[in-house]
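Only one structure is covered here, and it is reproduced in the block below.
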Amino acid sequence: MKLRQLLYIQTVAEQNLNITAAARELDTSQPGVSKQIRLLEAELGLRIFERNGKHLDRITPAGERILELSRRILTEVDNLGRTAAEFADADAGNLTIATTHTQARYALPDTISAFRRQYSRVSLHIDQGAPAQIASWAASGKADFAIATEALENFDDLILLPCYRWNRAVLVRQDHPLASLSELSLSDIANYPIITYTFGFTGRSQLDRAFEAAGQTPDVVLTAVDADVIKTYVRQGLGIGVVASMAYEPAIDNDLVRLDAAHLFAPSTTCIAFRHNLFLTGFMRAFIQMFASQIDDSGLDRAQASFPGPRYQTIVNELNANLPTR
């Protein structure tokens, strides 16, 4: 059995059983991937994948278990490398952050700048995607950290630590009827076409819940994953924008009127997620603490040691009770 074979079956599973796509991801040949999978199955004496002709059809029950174990093995191999690198050179390495556009554009810049000043020899990568996608990247090891508001809780192997709370603002043109209101109601918002985030992004679920609870039906005419896109179409007069409060930049958006909507919607919580067995290097810990200063080394160690039991949940509850608001 070779580590390469374990990597191959993991990649095939991640690529929806498409061997050609897996080979492309692995920078090798499709026949080579197929051969290594068959060699591994022959050594184990069972099938990891069911086949339909030349194509893989599904993962067998035994294959599900093998994939779970191989994922752990590959994580520990990665941890061995990180541990060695930590002792050889604590201030150098690679760090991959998976996050949404809103976090990358509005929440992370100060943290990234501070981190780069202190750890100039760490190669930092920011990959953007949908919340479910970035969570899967963290769970599979393609990313070290996932930072988002939605979907992270759907992956059982991820430690999920709350970082900060945020709420929403309504953006309108200066000539819009709502611009002169001192306080908004849900009815006020529902009276106009709404431009907001795509479902599953940036706390959109809280907006939908608020309207549903009030018996209101919002007229959502346009959705986008990018707050800058939302603001563009508000400027075009296509509707009013409902965005994260942090997405309004007074120096840039002074042609728009910002109306507070925090009293209308439950706050959302942005979290950082990582594999429970990930070896956290010194610069990884520093990044977390730069982004969320209330998460100290002790909290990180206790979260990893107690995951996923009641003590872990106690730590999460303690963080939730003292979250800053942005």
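Some observations on this one:
- Whole-percent carbon and sulfur share, accessible surface of the range 150-205, 1.4 Å: 45 percent
- Computed helical MRE - 222 nm, the chain, DSSP H runs ≥ 4 contributing -39500 (n - 2.57), nearest 500: -13000 deg cm²/dmol
- Rg/Rh for the range 186-301 (Cα atoms only, Rh after Kirkwood) is 1.08.
- If the chain linking LEU80 and SER123 were pulled fully straight, counting 0.36 nm for each residue of separation and taking away their Cα-Cα distance, it would gain 13.6 nm.
- Put simply, the C-alpha atoms of the range 18-136 give a gyration tensor, and the ellipsoid matching it has half-axes of 36, 19, 13 Å, longest first.
- For the peptides 21-34, 95-108, residues were scored by their other Cβ atoms within 10 Å and the scores averaged per peptide; the highest-first order is 95-108, 21-34.
- Contact order for the chain, expressed relative to its length and based on alpha carbon pairs under 8 Å spaced 6+ residues apart, stands at 20 percent.
- Inter-centroid distance (Cα atoms) of the range 262-326 relative to the range 26-42, Å: 39 Å
- Extension gain for HIS55-GLU43 works out to 2.2 nm (0.36 nm per residue, less the C-alpha to C-alpha distance).
- The residues of the chain expose, per residue, 48 Å² of accessible area to a 1.4 Å probe.
- Principal-axis tilt of helix 131-140 within the chain, Cα atoms, nearest 10 degrees: 20 degrees
- The lysines whose alpha-carbon is closer than 25 Å to the alpha-carbon of LYS142, local same-chain residues fewer than 8 away aside, are LYS2, LYS35.
- Our Cα-only numbers for the chain put the radius of gyration and Dmax at 22.9, 73 Å.
- Per residue, the average separation of C-alpha pairs within less than 8 Å and at least 6 apart gives the range 109-176 a relative contact order of 20 percent.
- Across the range 210-217, computed HN-Hα scalar couplings (Karplus, 6.51 cos²θ - 1.76 cosθ + 1.60, θ = phi - 60°) run 5, 5, 5, 5, 8, x, 9, 10 Hz from first to last residue, x flagging Gly and Pro.
- Couplings 3J(HN,Hα) of the range 285-298, computed from phi: 4, 4, 4, 4, 6, 5, 7, 9, 5, 6, 9, 9, 4, 4 Hz, in residue order, whole Hz [Karplus 6.51 cos²θ - 1.76 cosθ + 1.60, θ = phi - 60°; x for Gly and Pro].
- The length gained on full extension between ASN18 and THR325, counted as 0.36 nm times the residue separation minus their Cα-Cα distance, comes to 106.2 nm.
- GLU249 sits among other residues whose Cβ lies under 15 Å from its own Cβ, and their net charge, with Lys and Arg +1 and Asp and Glu -1, is 0.
- Whole-Hz ³J(HN,Hα) from phi, Karplus 6.51 cos²θ - 1.76 cosθ + 1.60, for the range 316-323, glycine and proline x: 4, 4, 4, 5, 4, 6, 10, 7
The values are calculated or read from the model by the stated rules, or taken from the named source; none is laboratory data. Because the structure is a prediction, the values reported are computed rather than measured. Note: ideal-geometry Cβ built from the backbone for every residue, glycine included; neighbour counts use all protein chains shown. Ligands, DNA and RNA are stripped out before the accessible areas are found, and what is left, the full protein with its side chains, is counted by its heavy atoms. Shrake-Rupley method; radii C 1.70, N 1.55, O 1.52, S 1.80 Å.
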